1. Residues of the chain: accessible area per residue at 1.4 Å, in Å²?
2. So which trypsin sites (Lys or Arg not before Pro) in the stretch 1-88 end up in coil per DSSP with only 16 or fewer other C-beta atoms within 10 Å?
3. Grab the Cα-Cα distance for LYS104 and ASP7, subtract it from 0.36 nm times how many residues apart they are, and report the gain in nm with one decimal.
4. Span-like helices, the chain: DSSP H, alpha-carbon axial extent 27 Å or more, mean Kyte-Doolittle 0.0 or greater, which ones?
5. Count of lysine pairs in the chain with Cα atoms under 23 Å apart, counting only pairs 8 or more residues apart in sequence or on different chains?
6. Need the full-extension length gain, ILE69 to SER53, defined as separation in residues times 0.36 nm minus the C-alpha distance. One decimal, nm.
7. When only alpha-carbon atoms count, how far does the stretch 51-134 stretch along each of its three principal axes, as whole angstroms with the largest first?
8. So, R0 is 41 Å and r is the distance between the beta-carbons of ALA18 and VAL117; what FRET efficiency does that work out to, to 0.05?
Amino acid sequence: MIKGFKDFISRGNAVDLAVGVIIGAAFKNIVDALVDGIINPLIAAVIGKPDFSDAFILTLNGTNVKFGILITAVINFLLMAFAIYLCIVVPMNKLAALRTAKEKAEKDAAPKISDEVQLLTEIRDALKSSGSTAV
């Protein structure tokens, strides 16, 4: 049992997952600051308040059903997703496109072998493999 646990821990997946969770938790503070410090105040400036917690309240048999809390949660989720998209996905896509363009440029810059040289190489290899000696 101990050996199996040691094998599990020493595999890259568990370590990568742990690092991802830690980095994700640290990055959450950045996204929260962006949403709470910039985006929500902009919404409050336009709409009048940053959330809908006290809006859309339905009273049934003396109980308050607050649809505004759900609307606020959905809007906050969309704002977080948008912030993550702008801060992580867009820059990573740009970096990947630059890397792909660089690799393509390096591949295109590689010397091309002409058809004649390729044919002569094939003939040479065929002669080597057949065991004949050419003068």
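The values are calculated or read from the model by the stated rules, or taken from the named source; none is laboratory data. Since the model is a prediction, treat every value here as computed from it, not as a measurement. Reconstructed Cβ throughout: ideal geometry from the backbone, glycine too, with neighbour counts over all protein chains shown. Side chains are part of the model used for accessible areas, which takes the heavy atoms of the whole protein and leaves out ligands, DNA and RNA. Shrake-Rupley method; radii C 1.70, N 1.55, O 1.52, S 1.80 Å.
1. 83
2. Those satisfying the criteria are ARG11.
3. In short, 31.0 nm is gained.
4. Helix filter hits for the chain: 12-34.
5. Close lysine pairs under the 23 Å cut-off: 7.
6. 5.3 nm
7. If we take the Cα atoms of the stretch 51-134, the spans are 103, 26, 14 Å.
8. 0.20
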